[in-house]
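Engineer: Starting off with a structure, shown below.
Please treat every number below as a calculation from the coordinates, not as lab data. From a predicted model like this one, the values you see are computed outputs, not experimental measurements. Cβ atoms come from the backbone with ideal geometry, glycine included; neighbour counts cover every protein chain shown.
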Amino acid sequence: MHVHHLLREYLQVHGYWVLFIGTFLEGEAILIMAGFLAFEGYLNISGVILTSFAGSFLGDQFYFYLGYFKGKKLLRRFHAIARKFREALRLIEKYGAFVAFISRYTYGLRIVLPIILGITTLPARTFLWINLASALSWATVFALGGYLFGKSASLFLDDVGRYEQHLMLALVGFIMTAWLVHLYHAWKLKQPARKRLARMRALRDARRGTQ
């Protein structure tokens, strides 16, 4: 009980700041965990949604203007952003301004897409309104996802508090599994491109060897 009391006090003081910083950067995992902690009573679910909405919205606004003012320099300096530039452009060409809405739902492009959008001709005011709607939906969906996970567990367990640590581990395991499945799927999708690149390099080396 003493440990739970200390944890509750710590989260009440620092939990929302940690959540804000986490959602400013990426945040799905920390937001789901915060939703579960809200079910457990350590945080308030309305506070979790509002904090994650603010962090997510301000984060993407920052990345958009970072692309607007410094985007071209970032592309030249950071190869990781440059590598994802073409992939981001394909999404923008396919979905247009809607990419601004789905950017925070795309793993691996969450930060890059707003930067790329800042480089394009998308008006800042249009991005702001789309970003508002996207941040609110994202914060609500993932926060309630963690909250409903705890709610669902309470239907099968008489005392959820007794199994709190096990449920948190299960939730972390689920998030990590989903992350690994996504990485594997992304790796499989890029495998044909890697094979084509390998054949091109082999052909180039063969031509150099004959010269």
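Engineer: Using Cβ contacts closer than 10 Å as the measure, can you line up 73, 151 from fewest to most? Walk me through the numbers on the way to the answer.
Structural biologist: Details: 73 9, 151 14.
Result, fewest neighbours first: 73, 151.
Engineer: Once you put a point 7 Å from the Cα of residue 17 and another 7 Å from the Cα of residue 106, both along the Cβ direction, what distance in nm separates them?
Structural biologist: Each label point lies 7 Å from its Cα, and together they span 3.4 nm.
Engineer: Here's another thing I want to ask about it. Once a ≥ b ≥ c are taken as the square roots of the eigenvalues of the Cα gyration tensor of the range 10-68, is the result rounded (a/c under 1.5), prolate (a/b larger than b/c) or oblate (a/b not larger than b/c)?
Structural biologist: Prolate is the answer for the range 10-68, as a/c is 1.5 or above and a/b outweighs b/c.
Engineer: Let me ask something additional. Quick one: order 70, 94 by neighbouring beta-carbon count within 10 Å, fewest to most.
Structural biologist: Ranked by crowding around the Cβ, least crowded first: 94, 70.
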